[in-house]
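A.B. asks: Take this structure first; my questions come after.
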Amino acid sequence: QVQLVESGGGLVQAGGSLRLSCVASGRTFRGYAVGWFRQAPGKEREFVAGITWTADTYYSDSVKGRFTISRDNHKNTVYLQMNSLKPEDTAVYYCARRKEGPVLVADSYNYWGQGTQVTVSS
């Protein structure tokens, strides 16, 4: 069993920064890709960023150039550095561990955290 715990969310003004963390306990991230997704009220969950075990990274067009995903395998932690935040980035952010399939697709992931709220004020 894998438990994923996100942290680092909060309230920030537009243009500000936050760093989200996702820590795995139980079975680790070793050998697996990890993704960040987000869901805003009334919207579907969407892919934000993903990182493979070999540190290949993927980003949605909406965050490319502003967000950076990274991982520290010794700490079983994946980070999402979010800069130049916009009000439209407001959402609950989830990390997930991929089982198989495309990194960008939510159905590829079988373990999810409980989410952390990010609110960006204008």
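The values are calculated or read from the model by the stated rules, or taken from the named source; none is laboratory data. Computed from a predicted structure; not experimentally measured. With ideal geometry, Cβ positions are generated from the backbone for all residues, glycine too; neighbour counts draw on all protein chains shown. Each accessible area value is taken on the protein alone, full model and side chains, heavy atoms only, with ligands, DNA and RNA left out. Shrake-Rupley method; radii C 1.70, N 1.55, O 1.52, S 1.80 Å.
A.B. asks: Restricting attention to region 63-122, which residues are within 18 Å of GLY31 (Cα to Cα), free of Cβ contacts under 8 Å to residues at least 24 places away in the same chain and part of a strand (DSSP E or B)?
C.D. replies: Result: SER70, ASP72, ASN110.
A.B. asks: Which residues, counting only those in region 35-57, are surrounded by 14 or more Cβ atoms within 10 Å (Cβ to Cβ) and not in a strand (DSSP E or B)?
C.D. replies: Listed by number, the residues that qualify are ALA40, ARG45, THR52, TRP53.
A.B. asks: Which of the numbered conditions does LEU18 fail, given that it passes all the others? Conditions: (1) open to solvent by less than 60 Å² (accessible area, probe 1.4 Å); (2) over 17 Å from ARG71 (Cα atoms); (3) of a type outside the set (Ser, Thr, Tyr); (4) within 15 Å of the chain's Cα centre (by Cα).
C.D. replies: (2)
A.B. asks: In region 58-79, what residues are β-branched (Val, Ile, Thr) and open to solvent by 60 Å² or more (accessible area, probe 1.4 Å)? It would help to see each step written out before you state the result.
C.D. replies: Just the residues of region 58-79 that are β-branched (Val, Ile, Thr), to begin with: 63, 68-69, 77-78.
Result: THR68, single match.
A.B. asks: For region 80-102, which positions are among the hydrophobic types (A, V, I, L, M, F, W, C) and either on the phi > 0 side of the Ramachandran plot or open to solvent by less than 10 Å² (accessible area, probe 1.4 Å) (or both)?
C.D. replies: Filtering region 80-102 for residues among the hydrophobic types (A, V, I, L, M, F, W, C) gives 80, 82, 85, 91-92, 95-96.
Answer for region 80-102, where residues must be among the hydrophobic types (A, V, I, L, M, F, W, C) and either on the phi > 0 side of the Ramachandran plot or open to solvent by less than 10 Å² (accessible area, probe 1.4 Å) (or both): LEU80, MET82, LEU85, ALA91, CYS95, ALA96.
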